[in-house]
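Below: one structure, written as structure tokens.
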Amino acid sequence: MAHNPEREPGSARVRPIRVILSEDQELVRACLRALLDAQPDIEVVAEAGDAAATVDLVGQMHPDVVIVDLMQPRGGGIHAISRITARWPSVRTLVLTALSQAQAVSDALAAGATGYLLKTCDRAALLNAIRSVAAGGVYLSPEASSVLVKSYRAAPAPLPESDRRSLVERERKVLALLAEGLNSQQIALRLGVSTRTVAKCRAGIAGKTGLRGIAELTKLAIAEGLVPARPTSAGASANGLSATAAR
């Protein structure tokens, strides 16, 4: 896919965010479409009822964001995310699922997902997540962040002392911000450096630790004490998507 300047964080978007819905339950798809069609900056361009059809539609429609349920036929959501990420790396994948286990969150992020939400989220959270990932960010719901942190802290894997010392201060700052969901441009703005400097730091982290994926980097940042646990939200809005969560 050609470079699209509308997808750069901070740039003015001149067309709606193009979304594909990947969900095997027709009623859930209809509810999601009704919500998203009411947004002037979001356009649902296609729907798919299984993983294989989702991948085919991405190749045809070139969306900005694919909203993916993990539990669906003909491959499953993780397989779809992995194939989409490999073939169209600029397409963002946002998981919307009933699965709240740490392994599900970790597997989705490792496959290339750029966001993870539970179906108990409210409307505002879903819309915020879509806009965030479309702008180049990573969005994890408080529930997903919480189970991930608890899982990693139950079995921490800190760096060996030699590798910990070899990560320079700027690399540790970049690692912490990556784990918080910022992309390279946002990190550069936060630290007051160039994107080239951030890229060098990311390469340095990967070279010293062998880690590149968001899930792995988040685990490392938590183990190193660079990222605090985010609190779990007190409850979903009564006006949210809780009715779609009975899976």
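The values are calculated or read from the model by the stated rules, or taken from the named source; none is laboratory data. The shown structure was predicted, so the numbers you read here are calculated from the model rather than taken from an experiment. Backbone-built Cβ (ideal geometry, glycine too); neighbour counts: all protein chains shown.
Kindly indicate the residue of region 107-122 that is out of contact with any Leu (no Cβ under 6 Å at 6 or more places or on another chain) and among the charged types (D, E, K, R) and also modelled with the lowest pLDDT among those meeting that condition.
For region 107-122, the residue satisfying everything is Asp107.
Among the residues of region 84-137 satisfying the criterion of being over 10 Å from the mean Cα position of the chain (by Cα) and among the hydroxyl-bearing types (Ser, Thr, Tyr), which is nearest to Asp56 (Cα to Cα)?
Of everything passing the filter in region 84-137, Thr85 is nearest to Asp56 (Cα to Cα).
Out of all the residues in region 183-196, which are within 22 Å of Pro89 (Cα to Cα) and without any contact (Cβ under 8 Å) to a residue 40 or more places away in the chain?
Within region 183-196, Ser184, Ile187, Ala188, Thr195, Arg196 qualify.
All but one of (1) in a helix (DSSP H, G or I); (2) over 24 Å from Ile214 (Cβ atoms); (3) of a type in the set (Val, Ile, Thr) hold for Val44; state the number of the condition that does not hold.
Going through the list (1) in a helix (DSSP H, G or I); (2) over 24 Å from Ile214 (Cβ atoms); (3) of a type in the set (Val, Ile, Thr), Val44 breaks only (1).
How many residues does region 54-86 contain that are assigned to a helix (DSSP H, G or I), closer than 26 Å to Asp41 by Cβ and touching a helix residue (DSSP H, G or I) at 6+ places or on another chain (Cβ under 9 Å)?
9
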